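A quick write-up on the structure given underneath.
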Amino acid sequence: MEKAELERQVAAAVDVARREVPLVGSVTNAVSVNFVANAQLAAGGSAAMVYLPDEAEFLAQAGGALYLNLGTLLPVHEETMPRGARAMRELGKPWVLDPVGIGIGSLRTGILKELKVCKPAIVRANASEVIALAGLWELDGGDVRARVRGVDSTDEVDAAEGAAVALARWTEGAVAVSGAVDLVTDGTVVATSRGGSPLMEKVTGFGCSLGGVAAVYAAVASPLAAALAATAAYNLAGARAFARAQAPGSFQAAFLDELYEASAADVAGNPFDIREV
Ligand SMILES: Nc1ncnc2c1ncn2[C@@H]1O[C@H](COP(=O)(O)OP(=O)(O)OP(=O)(O)O)[C@@H](O)[C@H]1O
Ligand SMILES: Cc1ncsc1CCO
Ligand SMILES: [Mg+2]
């Protein structure tokens, strides 16, 4: 894929999302559910957050994409997550997985194992979670003992490239690995995207909301274009927000404003490199 073609697709994802306002259902964690919904709205989507199995299936039918984030699991999620993902798979629609906290407990492990065959269009996670998920799904580059410490990453993004490529080849979708520099791959090309701010690690839910925004773009674009569009939008808005606010609370508010105000050309023009793998 040519870089210019990918830039064109990224710009189209941002533009079409704003014009079509796709409905995106989310089953996400209690910590950042509000931030996820607000980021999805800022990117042009229509957000709906649910917990119950039949409601996830309803949103699978009604929406353009579904976002599943395992951050704060409750017993009900044991049914809701696989039923939502299966519905999307059967409908041939994209869904996005954030395997937050992979390795913490047996419910999480059980749900994540079940989700393998449902093949998420996009896996969005930090480096440690990507390595651990590839390990759990027995793919190259994976390691179930990856140093996931709670929900924060202890690995560098580069170390997760092999796992990310293997995951993308399994799902035939895309994987977005977040960190100081972000890596996005569809298993044939690897794109690295720069920008953002270290303050994004000092506000919870930047990764979660990035996944939610990737789902908005996935409703209107290919997995690779959607994953890169969300990643680039976050790097652009994060850098611009830091120019306006240098402490966590005001930074988060400035970020939402910048995400809302970023044009398709701005997002597509945020610096990235691309190479074949
Ligand atoms: N040091 C950094 N410099 C620039 N941007 C960063 C930095 N760390 C994280 N980011 C950005 O923050 C966003 C979230 O990435 P991060 O790796 O912190 O996700 P996460 O650990 O899953 O977050 P959470 O679990 O709190 O939602 C991404 O857009 C990423 O580019
Ligand atoms: C802090 C935290 N704990 C579970 S989910 C979550 C949000 C960031 O992933
Ligand atoms: Mg996370």
Any helix of the chain counts here only if DSSP assigns it H throughout, its Cα atoms span 24 Å or more along the axis, and its mean Kyte-Doolittle hydropathy is at least -1.0, and such helices are 3-20, 223-244
Taking a quarter of the surface of the Cα convex hull of the chain, what do you get in nm²? 11.9
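For the chain, what does the relative contact order come out to in percent, with C-alpha contacts under 8 Å and a separation of six or more?
21
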Given a 1.4 Å probe and every protein chain left where it sits, what share in percent of the accessible area of the chain is carbon and sulfur? 52
Neighbourhood charge, 9 Å Cβ-Cβ cut-off, centred on residue 173 and excluding it, Lys, Arg +1 and Asp, Glu -1: -1
For the chain, what is the accessible area per residue in Å² when the probe is 1.4 Å? 39
Going through the stretch 188-274, which trypsin sites (Lys or Arg not before Pro) have at most 13 other Cβ atoms within 10 Å and a DSSP loop state? 202
Suppose we keep just the DSSP beta bridges with both residues in the stretch 3-276; what percent of those would be antiparallel, to 5? 40
Here the net charge surrounding residue 210, from other residues whose Cβ is less than 10 Å away from its Cβ (Lys, Arg +1; Asp, Glu -1), is -1
Tally Lys and Arg at +1 and Asp and Glu at -1 over the other residues with C-beta under 10 Å from the C-beta of residue 186: what net charge comes out? 0
Selection of trypsin sites (Lys or Arg not before Pro), the stretch 117-149, meeting DSSP coil and at most 10 other Cβ within 10 Å: 145
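Gain in length, residue 265 to residue 113, computed as 0.36 nm per residue apart minus the alpha-carbon separation, to one decimal in nm?
This chain segment gains 50.8 nm when fully extended.
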Can you figure out the FRET efficiency of residue 62 with residue 188, using R₀ = 41 Å and their beta-carbon distance, to the nearest 0.05? 0.80
At a Förster radius of 30 Å, what calculated FRET efficiency corresponds to the Cβ-Cβ distance of residue 172 and residue 4, to the nearest 0.05? 0.80
Per q in 0.19, 0.21 Å⁻¹, report the Debye log10 I(q)/I(0) for the stretch 1-108, using one uniform scatterer on each alpha carbon and no solvent. -0.97, -1.10
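The values are calculated or read from the model by the stated rules, or taken from the named source; none is laboratory data. Values in this document were obtained by computation on a predicted structure and should not be read as measured data. Positions of Cβ are backbone-derived with ideal geometry, glycine not excepted, and every protein chain shown enters the neighbour counts. Ligands, DNA and RNA are stripped out before the accessible areas are found, and what is left, the full protein with its side chains, is counted by its heavy atoms. Shrake-Rupley method; radii C 1.70, N 1.55, O 1.52, S 1.80 Å.
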